[in-house]
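This report refers to the structure that appears directly beneath it.
The values are calculated or read from the model by the stated rules, or taken from the named source; none is laboratory data. Keep in mind it's a predicted model, so treat the numbers as computed, not measured. Cβ placement follows ideal geometry from the backbone for every residue including glycine, while neighbour counts extend to all protein chains displayed.
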Amino acid sequence: MKPLSACGSGGYDLIGDLHGFAGPLRTLLARWGYRADGAGAYRHPAGRRVIFVGDYVDRGPEIVATLRIVRAMVEAGEAVAVMGNHEYNAIALDHEVDGVPLRPECKRVQHADTIRQLEAAGEDRRDWLEWFKTLPLWHEEEAFRVVHACWDERHLAVLRAGRPDGRLRAPDWDALADPTGALAQAVEGVLKGPEVPLPGGRWFHDAEGHARREMRLRWWGSPQPATWREASVGEWREEWGEVPFGRTLVEGLGYPPEDRPVFFGHYWLRGEPVWLAENVCCLDYSVAKQGHLVGYRMSPGQGRSGRFERVVHDVRA
């Protein structure tokens, strides 16, 4: 697929994790002036294009409608959709190597709503899995970059080798069966970001109620955070107080302040959307947990002088 800049774009609209919430997506697109054509592809009269940051499935009430909107826009050249970890999980649950799926069966619970909604709508699930495989793991324009969870040049160097378009090749799926391999580590790195075990036996319930003993790291921050709270992406609990981090974050992590702005999702943020650093922007503000669907509008040459816009999730939808 051509980069959007090659399509004569009049600007870019970046949209955070959707998780099957087509209602807020339609509202946001309409607010921005997009209108659906006869084939269901939303287009902008000024030639603006959308970039979706991943996680289109699971959790929401309108997963099929969400997928149809995103796919129609991508296939019409009106959008780019990068792969999220939930699309990867959907493929990995289905792809077996020596009779063993790439993802453990426990992940199927997370994906059950998607399977149910696809079946109820008479959709061909395997067709959607094949489409998920066409999604790139990252996207770059001259002015910015997009990835689902973490921009890590070490992982991207592995992925770029033989994959200039950012898409996994057919032989890659069998290679991903080795979780210690460079390819699997790279895919996990860009789609999930770095995580480390919590100290002192601490644990917490994640957004889906599962007990977790690992914490997502603030990969764009200081390479030597002073405390665990500073190292965390909002997962350190208030009652745990301040605990010295006492370690280097992860060698090679961090996002250089001179690099192009990077946009991503994945992290379930709350509150008013803000830039996390001078050139670092997360667009996931928990639409699937009564949060907001957040987008960022950027025009050529604007850099970070664009603006956020959000749609409040209506729990009645």
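Taken together, the criteria place residue 49 among residues that are touching a strand residue (DSSP E or B) at 6+ places or on another chain (Cβ under 8 Å) and without any contact (Cβ under 8 Å) to a residue 60 or more places away in the chain.
Determine whether residue 89 is farther than 24 Å from residue 311 by Cβ and touching a helix residue (DSSP H, G or I) at 6+ places or on another chain (Cβ under 8 Å). So residue 89 passes the test. When we screen 223, 197 for residues that are out of contact with any helix residue (DSSP H, G or I) (no Cβ under 6 Å at 6 or more places or on another chain), closer than 26 Å to residue 289 by Cβ and either of a type outside the set (D, E, K, R) or in the same structural domain as residue 266 (by TED's automatic domain parsing) (or both), the only hit is 197.
Just give me the residues in the range 113-165 being over 15 Å from residue 262 (Cβ atoms) and among the β-branched types (Val, Ile, Thr), in sequence order. Within the range 113-165, 114, 115, 134, 158 qualify. With respect to the conditions (1) over 30 Å from residue 61 (Cβ atoms); (2) touching a strand residue (DSSP E or B) at 6+ places or on another chain (Cβ under 7 Å); (3) free of Cβ contacts under 8 Å to residues at least 40 places away in the same chain; (4) surrounded by 13 or more Cβ atoms within 10 Å (Cβ to Cβ), residue 261 falls short on a single one, namely (3).
Of the residues making up the range 7-42, those that are among the charged types (D, E, K, R), in contact (Cβ under 8 Å) with a residue 24 or more places away in the chain and closer than 23 Å to residue 287 by Cα number 4.
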